[in-house]
Amino acid sequence: MSDVKSKLGTDKLPIGWNGRTLLQMLEDSERAFEETGRYCGIEALALMESDPIGYEKTFAKLRGGLVNARETAMNISASPIVKEIGELCFAFYTPEGDSVALSTGIIVHVHTMSDAIKFMIRKGYEQNPGIAPGDIFTNNDPVIGNVHNADVQTFVPIFWEGELIGWAGGVTHVIDIGAATPGSVPVGPTSRYEDGLQLTALKVGEDDTLHRDHELRCELGVRTPWYWKLDERTRIAGCHMIRDAVERIISEEGVNTFKQFMRDVIEEGRRTFLNRLKELTIPGRYEAPTFNGVPFKDEPRLPQHAQVDNLMHALMVVSIEAGGELELSMDGASPWGYHSFNCTPSAMQGAIWVLLSQTVVPNDKVNDGAYLATRSFFPPGSWTNPQNNSVSTGAAWGFLIPAFTGLYRILGRAFWARGFHEEVMASYGMTMNGMQGGGIDHLGKPCSILNFEISTVGGGACAVKDGLDYAAAMWNPEGDMADVEIWEILEPLIYLGRRIKPNTAGPGKYRGGSGFESLRMVWKTNDLEMQNAGEGLTFSAPGLFGGYPAAAGYRHNVHETDLLKQARANKPYPVREYDPEHSELSALTEGRHLFDKKTTTFPYPFRQGDLYLSWLRGGGGLGDPLERDPQQVTKDVNQDFLLPRYAHKVYGVKLLKNDDGSYSVDDEGTVALRKEIRKKRANRSIPVRTYIKGERQRIQEGNFIEPIRKSYNSCMALCSKWAKYYREFWDLPSDFTFSVGDES
Ligand code: MN
């Protein structure tokens, strides 16, 4: 016992396995992986080989326990984000914080919670504040392990005969996080100190009971404490259900078998990932760039250093080796900035993990095996790895989501090359418009709003079929938009309509999934501030193999309308916009229309009767639109997925109008029209050599708007390897930079 004191510096017994501390267990595990390349150095998956059925049964019991915890616990919450959308997830971790299995739901957080547990171990939480049966921990700090503050995590350690057997972890996306602006994903913070409540891996309870001081702190720290409280109870209840399930499995299987099971399952996950990637892809180097705008030059409410227009850049390079090893590099990414779209490496790892688990191993055991099978590089100082704990990450998804369409496009090409056409997908839609704000609601109570219809945008087009319509979110494989009545309980905004939004899907041989539009009227409050939080200056969901990107965003809100007057006079009122060029909102004869490309704004005032149009994005298209079946194009027009004039313009389909107002295909006219478009294309086309020459000249002349020139300069200054690559590709001098007006 004499060395116990030296291990922990106290007379406490270590809680790890075989008399080790958790830190020793973590270091041993990392050393074994470093030396052997296998999880905990495991060679044979003995349990799986000796008792394959028992092994699968144990996994099924554990996974069943996690799904059961989620399905039961979500009913404790009152927040529609949790209860209706299912924006929560539970997972079980080894004592070192490696994920063994997880429930359904917002699975992007399975790896971020792993980071948070490892943080607590590395910082010596075993000694201080101590880890004991009945303890409750919480974290929402992206620097430690999270994407943004709104995703709040709860951890409960699970013990068996004095040893820590593992951790139950649960996460929910809360309605308000006490940030500088209301709603949970603040667009506007320029530093961490405006991102809201920071729960930096705290011990917040003992004996299965929350500390009163923690509860009070949160009650006073957020705008909607009643939702907060129930969300926290949701997470704790789920973690306790997982603890019960794990204890039951151990009492049935024996603790030593369960310990070995945890190790084997993760190593199996790692091996399966490698085998699946080897089977599904052709090795090689794949690249996919993405851009997004930060349009804050004219935002007077920001500090002067943050009032800039900027173009954010992400170049994703994935190298797949012959053995199925995957390495992802973001070299060339823009520097971090004074906005809330920065990410921590934990957020980036979470995004890699969520996408790979959905594309490469969806039918296998999903755990940290996939993480162990991949390597990544996030350039220090970039938006992917700021190395500066003062930056804001409040709306980290703002660039994370479009940037990671790159991984989908890369995997799509790699799957196609190997012949797995059914697995190929173009870019998923950006989960925007974020309809966010707060104030006083229709019941006279403080409210905070982020409408989670965003979890049902369009999926990317596949290589054998169209993308999923209004059903997808990159971060939650089970997207749901919730019933309008549910949102009307929470938000002082009545739905005038929720309809398919034409032309949101990226055109292609297979079109992207469509977005939709919700037209909302402010009701029973004159004290409300709302913002549009969405992209729109760049295409955030690019197409694949000649498919077009999904539509870029715009804003159309109407203030001081005569809508209520018209309704009282029993006149018809608009229920949608439909075609922005012939907007049905123009039926309102009075009103101030904010109809522009300002898709990312600060909250601004709304009054009763004002209209807020929230339209949700579509996914990217795949293949040449001229190859799309004309019958499908006509069906899209008849079902409002496509405006009639675009059948002609984009798809080369000649429509005939029927007596009932519907359309059918003019077969001969379509053949002739497509021939004509192809001829025009041929006439317009130039050899690649000539195109490259022209583009090179454009670069040499700096023939771009200034934010783009500045953006490229900042990427070149930050990432020397990428700068060399860019300059060599375009055959530019080795010290080339763009000239910028106000730079000396
Ligand atoms: Mn979230």
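The values are calculated or read from the model by the stated rules, or taken from the named source; none is laboratory data. This one's a predicted model, so the numbers in the text were calculated from it and none came from an experiment. Note: ideal-geometry Cβ built from the backbone for every residue, glycine included; neighbour counts use all protein chains shown. With ligands, DNA and RNA removed, areas are computed over all heavy atoms of the protein, side chains included. Shrake-Rupley method; radii C 1.70, N 1.55, O 1.52, S 1.80 Å.
Some points to look at:
- Residues of region 195-213 satisfying the condition of being within 23 Å of Pro142 (Cβ to Cβ), touching a Lys or Arg at 6+ places or on another chain (Cβ under 9 Å) and not aliphatic (A, V, I, L, M): Gln198
- Note on region 240-258: residues that are more than 33 Å from the chain's Cα centre (by Cα) and not aromatic (Phe, Trp, Tyr) total 11.
- Considering Ala78, Ala101, Ala73, the condition of being closer than 21 Å to Glu232 by Cβ and surrounded by 21 or more Cβ atoms within 10 Å (Cβ to Cβ) is satisfied by Ala73 alone.
- One residue alone among Glu279, Glu287, Glu252 is open to solvent by 30 Å² or more (accessible area, probe 1.4 Å) and either among the hydroxyl-bearing types (Ser, Thr, Tyr) or assigned by TED's automatic domain parsing to the domain that holds Leu102 (or both), and that residue is Glu252.
- In a residue-by-residue description of region 258-270, the property of being out of contact with any strand residue (DSSP E or B) (no Cβ under 9 Å at 6 or more places or on another chain), more than 20 Å from Tyr93 (Cβ to Cβ) and modelled with pLDDT of 95 or more applies to no position.
- Filter pass, Val360 being away from the ligand (no atom under 16 Å from the Cβ) and either in contact with a Leu (Cβ under 8 Å, 6 or more places away or on another chain) or within 24 Å of Ala471 (Cα to Cα) (or both): yes
So that you can scan it fast, the table gives a plain yes or no per residue for (1) part of a helix (DSSP H, G or I); (2) at pLDDT below 95; (3) out of contact with any helix residue (DSSP H, G or I) (no Cβ under 9 Å at 6 or more places or on another chain):
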{"residue": "Asn68", "(1), (2), (3)": "yes, no, no"}
{"residue": "Ala101", "(1), (2), (3)": "no, no, no"}
{"residue": "Gly105", "(1), (2), (3)": "no, yes, no"}
{"residue": "His111", "(1), (2), (3)": "yes, yes, no"}
{"residue": "Lys118", "(1), (2), (3)": "yes, no, no"}
{"residue": "Gly134", "(1), (2), (3)": "no, no, yes"}
{"residue": "His148", "(1), (2), (3)": "no, no, no"}
{"residue": "Thr154", "(1), (2), (3)": "no, no, no"}
{"residue": "Ile158", "(1), (2), (3)": "no, no, no"}
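- When Val174 is tested against (1) at pLDDT 95 or above; (2) more than 15 Å from the ligand (Cβ to nearest atom), only condition (2) is not met.
- Selection count, region 177-199, where residues are farther than 24 Å from Leu490 by Cα and either free of Cβ contacts under 8 Å to residues at least 24 places away in the same chain or within 16 Å of the ligand (Cβ to nearest atom) (or both): 3
Each row is one residue, and each column tells you yes or no for (1) among the hydrophobic types (A, V, I, L, M, F, W, C); (2) open to solvent by 10 Å² or more (accessible area, probe 1.4 Å).
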site	(1), (2)
Arg499	no, yes
Ala505	yes, yes
Glu517	no, no
Glu529	no, yes
Arg555	no, yes
Leu564	yes, yes
Asn570	no, yes
His582	no, yes
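- Residue satisfying condition, being free of Cβ contacts under 8 Å to residues at least 12 places away in the same chain and either closer than 28 Å to Ala101 by Cα or away from the ligand (no atom under 16 Å from the Cβ) (or both), within set Leu210, Leu202, Leu164, Leu220: Leu220
- The lone exception for Ala370 - which of (1) outside any helix (DSSP H, G or I); (2) aliphatic (A, V, I, L, M); (3) over 26 Å from Lys724 (Cα atoms) it fails: (1)
- Boolean, Phe33 is under 17 Å from Val156 (Cβ atoms) and part of a helix (DSSP H, G or I): no
- Sole residue being within 16 Å of the ligand (Cβ to nearest atom) and either under 30 Å from Gln608 (Cβ atoms) or not assigned by TED's automatic domain parsing to the domain that holds Ser79 (or both), chosen from Gly406, Gly394: Gly394
- Failed item in (1) crowded, with 16+ Cβ neighbours inside 10 Å; (2) part of a loop (DSSP other than H, G, I, E, B), with Gly661 passing the rest: (1)
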